[in-house]
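Report on one structure; see the data block that follows.
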Amino acid sequence: MAAPDFWNNQEAARETVGRLKTLKGLLKPLDEVIRRGEDLAAMLEMAEEDPGFAAEVPGEIEQLERAVADLELKALLSGPFDGHSAILSVHARDGGTDANDWAEMLLRMYLSWADSQGYEVELLDRQDNEEAGINSAAIAVRGPLAYGFLKGEQGIHRLVRISPFNSEGKRQTSFAAVDVSPEVSDSIEVDISDDDVREDSFRASGAGGQHVNKTSSAIRLTHLPTGVVVQCQNQRSQHKNRATAWKMLRSRLAAVEEEKREAEVAAKYSNMPKVGFGSQIRNYFLHPDQRVKDSRTGHTATSFHTVLEGDIQDFLDAYLRWRAGAGKQA
């Protein structure tokens, strides 16, 4: 980073800075735990002679145990892309207008979580529904370990509530799908043939002014062998939208390869519940009671609104521990 030409290639430089932040995020708390462990040993010696120190020992041990548990959790993020930033997309599924509204609620949830964790967020694509909510949206969540924490969110999220769009006040079940990919730089090799990709341009929808809405600046890429589809319409320039769409496609295909690798590992034990895109991973209830329950880990929160305000870290941590436990059964 001290090299004079370090910032000549800004994307490569940002990747290096990101790696440094990831390493510091592990090494700094590790150094702190080692230091506090040494301080605890000294405190125990002094506690034998001074009751005042003895009273402080239980609290110090409790704090040290929490710090060690946090390090052990981060040690579970050992996948090849876990340290990368993430591209997260939300799509409305079954449930009509309620599903569109539910998709937007989930998008706000992830935006709030990212903000609370100090991550940078960029809106890559958003398609609003005419009546309420969104049809789909994609965001980049940039920062250390973003993909490692968010990859467990991939799948179907189910909401049960009294529908605000139903005049009869009936209970409605709606679904939204979340997809998560690592954001990969150009230095990561992803084998894509141009002949395998169909490009379509179209007019952007939603807010953005006359230029955005009256020119075919939006780009959609379809990877024919896998059926993976990505699109970007957030920029005024078709060139910028195309570059972002290609980056999204490379990230999605990198995630597909990682899913194949994990599937091979999971195939070693048949009792593991289904995971991945298309599975129902979490249920959110507003009626008859308020709670959120993860169908894989069993982790439950009793405050629906707190979860929707971005308080999902306990769910992310529970998923990592669950995955680690499943791996030990292999």
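What follows is calculated from the coordinates using simple rules that are stated; it is not laboratory data. What you are looking at is a predicted structure, and each value in this text was computed from that prediction instead of being measured. Virtual Cβ from ideal backbone geometry, glycine too; neighbours counted across all protein chains shown.
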Report, in degrees rounded to the nearest 10, the 0 to 90 angle that the Cα long axis of helix 10-47 makes with the longest principal axis of the chain. 20 degrees
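Can you give the extra length, in nm with one decimal, that the chain gains between E11 and D196 once fully stretched, where that is 0.36 nm per residue apart less the Cα-Cα distance? If you can, show how the numbers build up before the last one.
Working: separation 185, 0.36 × 185 = 66.60 nm, distance 2.59 nm.
Length gained between E11 and D196: 64.0 nm.
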Give me the percent relative contact order of the chain, please, defined on Cα pairs under 8 angstrom at least 6 residues apart. 17 percent
About its Cα centre, how strong a charge dipole does segment 82-127 have in debye, to the nearest 20, once Lys and Arg get +1 and Asp and Glu get -1 at the Cβ? 40 debye
If the elastic network links every pair of Cα atoms under 10 Å, which of N241, N100, N166 fluctuates the most in the Gaussian network model of the chain? N166
For each pair in K21/K247; K28/K240; K28/K293; K21/K293, compute the distance between the two Cα atoms and list the pairs where it is over 28 Å. K28/K240; K28/K293; K21/K293
What number, rounded to the nearest 500 deg cm²/dmol, is the helix-based mean residue ellipticity at 222 nm of the chain, given -39500 (n - 2.57) per DSSP H run of at least four residues and division by all its residues? -15000 deg cm²/dmol
Expressed in nanometres to one decimal, the distance between label points 7 Å along Cα→Cβ at D94 and D128 is 2.9 nm
Taking only Cα atoms of segment 6-75, radius of gyration then Dmax in Å: 18.4, 61
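Would you mind ranking M109, M1 so that the residue whose beta carbon has the fewest other beta carbons within 10 Å leads the list?
With the sparsest Cβ surroundings first, the list reads M1, M109.
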Estimated D of the chain in µm² per second, where Rh is the Kirkwood radius over Cα pairs and Stokes-Einstein applies at 10 °C, 1.306 mPa s: 72 µm²/s
Rounded, prolate or oblate (a/c below 1.5 giving rounded, otherwise prolate when a/b exceeds b/c) for segment 51-114 by Cα gyration tensor: prolate
For helix 313-329, report the angle its Cα long axis makes with the longest principal axis of the Cα atoms of the chain; keep it between 0 and 90° and round to the nearest 10°. 80 degrees
Using alpha-carbon positions, the gyration tensor of segment 125-172 gives root eigenvalues a ≥ b ≥ c; with a/c under 1.5 called rounded, otherwise prolate if a/b exceeds b/c, else oblate, the class is oblate
Given the options L73, L320, L44, which has the most mean-square fluctuation in a GNM of the chain, springs set between C-alpha atoms less than 10 angstrom apart? L44
GNM, the chain, Cα, under 10 Å: largest mean-square fluctuation among D179, D289, D125? D289
